[in-house]
Amino acid sequence: MGLRCTPQIEIDEAEIEESFVRASGPGGQNVNKLSTAVQLRFDVRRSRSLPDAVAVRLMRLAGRRLTGEGVLVISAQRFRTQERNRADARERLAAMVAEAAVPPTPRRATRPTLASKKRRLDEKSRRSSVKRLRGGSSDEG
């Protein structure tokens with residue numbers, strides 16, 4: 001049983017590595033004693049759970065959270081408990097994979113309308129006349 005991201009994509013538990021570190025922020029006296037922050041690591045490049053196209057889009061989406069080796073690192077320390085931070089990190093991973101699973105809609109090439117061409121040319125001629133009327137001696141070059 002793995003982490004379900006989309007109806008088609010499920011990440012195997014063995015591919016997710018979690019480490020617990022001390023968190024900054026709220027937690028009272030516990031903040032110095034307990035390791036509540038979660039650092040989730042997921043190797044996007046070597047993952048067998050992701051189709052190639054999804055992996056490529058996920059790496060582009062990850063940005064600075066991706067290491068040079070293609071490992072996605074998600075840090076969660078929003079909550080005071082380890083369990084909630086762990087769930088938060090997993091939800092964020094699932095959301096990123098789900099977002100990467102949606103293929104981008106290809107751009108459909110369209111031609112400019114006749115009216116837009118006319119507007120463009122009118123504006124060009126207007127600018128041209130403004131510049132022509134700015135004066136200045138004709139011997140400059």
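A few remarks follow.
- Under 13 Å, Cβ to Cβ, from R48 - net charge with Lys/Arg +1 and Asp/Glu -1: -4
- Dipole moment magnitude, nearest 20 debye, the chain about Cα centre, only Lys, Arg, Asp, Glu C-beta charged: 1260 debye
- Seen against the Cα atoms of the chain and their longest principal axis, helix 82-101 is set at about 40 degrees.
- Packing-based ranking, highest mean first, of 6-13, 38-45, 101-108 given that Cβ atoms within 10 Å are counted: 38-45, 6-13, 101-108
- Surface accessible to a 1.4 Å probe, per residue, for the residues of the stretch 21-141, Å²: 76 Å²
- Rounded percent of accessible protein surface that carbon and sulfur make up, the chain, 1.4 Å probe: 51 percent
- The residue list S75, G63, I11 was ranked by how far each Cα lies along the charge dipole of the stretch 1-118 toward its positive end, using unit charges on Cβ atoms, and G63 comes out on top.
- Inter-label distance, S24 to T113: 5.3 nm, where each label sits 7 Å from its Cα along the C-beta direction.
- Candidate values (1) 2, 9, 14, 14, 13, 10, 9, 7, 6, 5, 4, 3, 2, 1, 0, 0; (2) 2, 9, 13, 14, 10, 8, 6, 5, 4, 5, 6, 6, 6, 5, 3, 1, 0; (3) 2, 11, 17, 19, 17, 12, 9, 6, 4, 2, 1, 0, label of the one derived for P(r) over Cα pairs in 5 Å bins from 0, in percent: (2)
The values are calculated or read from the model by the stated rules, or taken from the named source; none is laboratory data. None of the values given here were measured: they were computed from a predicted structure. Please note: Cβ atoms are built from the backbone with ideal geometry, for glycine as well, and neighbour counts cover all protein chains shown. The accessibility values were calculated without ligands, DNA or RNA, using every heavy atom of the protein model including side chains. Shrake-Rupley method; radii C 1.70, N 1.55, O 1.52, S 1.80 Å.
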